[in-house]
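Comments concern the structure below.
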Amino acid sequence: NGSIISLDAAIIISSGNGDGTIIDGDSDSNGDPDITLSRNSGIIDGLLIQAANCQIKGLNIIGFNSSGRAGIAIEGVTATGNQILANYIGTDITGSGVGTTNLRGIEISGGASGNSIGDGTLAGQNIISNNSFGVYINGANNNTVTGNIIGLDINGTTDLGNLGSGVEIFNSTGI
């Protein structure tokens with residue numbers, strides 16, 4: 001509980017062998033993250049998903065604040081049907097305070113489609129706060145952002161903000 005993984009390179013989930021990957025950082029299954037991913041050094045994304053039908057859940061993701069980078073990047077036409085659920089992105093591991101800011105909490109780009117950020121349930125909601133941009137979608141159609149807490153703490157009562165927009169969408173349709 002409370003483990004930290006400091007990265008010097010992104011965790012890349014590639015198309016093909018990476019399809020269907022599940023990463024679950026909620027090791028005690030209580031609905032809260034138990035693992036923090038943070039940037040140690042370098043200009044890197046935290047998780048770079050280029051595969052299909054992956055599920056990322058139960059992580060606290062902080063510190064990916066280099067130019068053009070994200071805590072979670074879903075990128076490319078092979079990145080379809082992925083689910084990002086029950087993560088705390090930009091907050092501390094409790095979801096009640098600020099962590100180290102990410103430039104983009106979650107980015108979907110490069111033709112990625114059919115991906116879901118949150119699933120509309122309490123158990124599947126992400127806390128996306130204290131980032132420069134919470135969710136950034138550019139050149140990626142038919143993706144869904146639903147049921148998340150953006151800019152607030154886990155209780156939805158304390159303003160943790162995002163320095164820019166909570167959700168930014170460019171050159172995309174069907175959102």
Practice item. Tell me, please, whether a residue that is under 9 Å from the mean Cα position of the chain (by Cα), surrounded by fewer than 24 Cβ atoms within 10 Å (Cβ to Cβ) and closer than 24 Å to G161 by Cβ can be found in region 79-102. Key: yes
Check your understanding: Within the set of pairs 6+ apart or on separate chains, which have a first residue in region 145-157 that is at positive phi, a second that is part of a strand (DSSP E or B) and open to solvent by 30 Å² or more (accessible area, probe 1.4 Å), and C-beta atoms under 9 Å apart?
Key -> G151/D159
Study note, to complete from the structure: L160 vs (1) surrounded by 15 or more Cβ atoms within 10 Å (Cβ to Cβ); (2) out of contact with any Gly (no Cβ under 9 Å at 6 or more places or on another chain): all pass except (2)
**Study point:** Within region 25-73, considering residues that are in a loop (DSSP other than H, G, I, E, B) and among the aliphatic types (A, V, I, L, M), the one most open to solvent (accessible area, probe 1.4 Å)
**Key:** I43
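Residues are listed down the side, and each one gets a yes or a no for (1) under 14 Å from N60 (Cβ atoms); (2) among the small types (G, A, S); (3) assigned to a loop (DSSP other than H, G, I, E, B):
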position: G95; (1), (2), (3): yes, yes, yes
position: I106; (1), (2), (3): yes, no, no
position: G120; (1), (2), (3): no, yes, yes
position: Q125; (1), (2), (3): no, no, yes
position: N130; (1), (2), (3): yes, no, yes
position: Y136; (1), (2), (3): no, no, no
position: T157; (1), (2), (3): no, no, yes
Point to revise | Selected residue [open to solvent by 40 Å² or more (accessible area, probe 1.4 Å) and either modelled with pLDDT of 95 or more or among the β-branched types (V, I, T) (or both)] from I149, I137, I127, I154 | key: I154
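The values are calculated or read from the model by the stated rules, or taken from the named source; none is laboratory data. This is a predicted model, so every value here is computed, not measured. Note that each Cβ is placed from the backbone with ideal geometry, even for glycine, and that neighbours are counted across all protein chains shown. We work out accessible area using only protein heavy atoms, side chains counted, and drop any ligands, DNA or RNA first. Shrake-Rupley method; radii C 1.70, N 1.55, O 1.52, S 1.80 Å.
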